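The values are calculated or read from the model by the stated rules, or taken from the named source; none is laboratory data. As the structure is a computational prediction, the values presented were derived from the model and not from experiment. Ideal geometry is used to build each Cβ from the backbone, glycine not excepted, and the neighbour counts take in all protein chains shown.
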Amino acid sequence: MAGQQIMTQNEAAHDEGEQAEIKRVETVTVRRHYDSNDNWIPEMTITESVRKAGLSPGDSIRYIPGELEELGLVPALGFPKGDGRVDRFARKITRAGNERGDAYRANIPMHVLEAMGIEEHEIGGDDPVKLTVYAGDRLLAFEPFDGREIPSLNVDEPTGVEKTPFEELFEDYDQIGDLTAERCEEEFGSIEDLADDVINGGEIVKEFPRIGEKRYQAIVDALVEGGHLTEDNL
């Protein structure tokens, strides 16, 4: 895979005017990550890019959207744990994982996406926004997806691991979340049992932690789309 070079700024381990080589690593989807109050922020799973850049969970990346016009992409410089760098352009790399493996994630500020011509209403939904990610030495870079898909080695869903029925049901509904899918798995014997609860007003599922109106409606929508409910049942 051919690399390209960009000029880095005088921050952290990058010297002013230093030529940094970066390579295309993966195509990632920007999704909505919801908190317990149903507020959301844009989030990406960038496991392979983080590894290629020599970064790790707990490190931070600082986006530099001001370089977009000159470089054609947005660099993000890596900083080690404990650096103490906190500003509106810096975000921490986090780890999410279970027995399937680890996935490394990072939020990307909405104003950085807007600098790339991506608007808030484009995040999530049926046709989610994708970005192409580059990696260099403690350096990442992002650009809008140009149609050339790069297979991702992210381990959110490793090959050979089957999804549970509830994970498959909620797959296209990011706002529902893995914890809610796991709770449904524990509470209901089948998707039909969940559908019956919704038909009866959702007495059980509405008692789940962090089930707000939007998340409950997403569960209903998933059941309808999956053919487990009809409008006549509601």
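Data for the structure
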quantity: Enumeration of residues in region 37-72 that are under 25 Å from Gly125 (Cα atoms) and without any contact (Cβ under 8 Å) to a residue 12 or more places away in the chain; calculated: Asn39
quantity: Subset of region 120-137 (residues that are assigned to a loop (DSSP other than H, G, I, E, B) and exposed (fewer than 14 other Cβ atoms within 10 Å of the Cβ)); calculated: Gly125, Asp126, Asp127
quantity: Test result for Gly117, part of a loop (DSSP other than H, G, I, E, B), more than 30 Å from Arg62 (Cβ to Cβ) and either assigned by TED's automatic domain parsing to the domain that holds Arg32 or at pLDDT 80 or above (or both); calculated: no
quantity: Spans of strands (runs of 3 or more DSSP E) in region 1-103 with at least 3 residues modelled with pLDDT of 90 or more; calculated: 19-29, 40-45, 60-63, 74-79
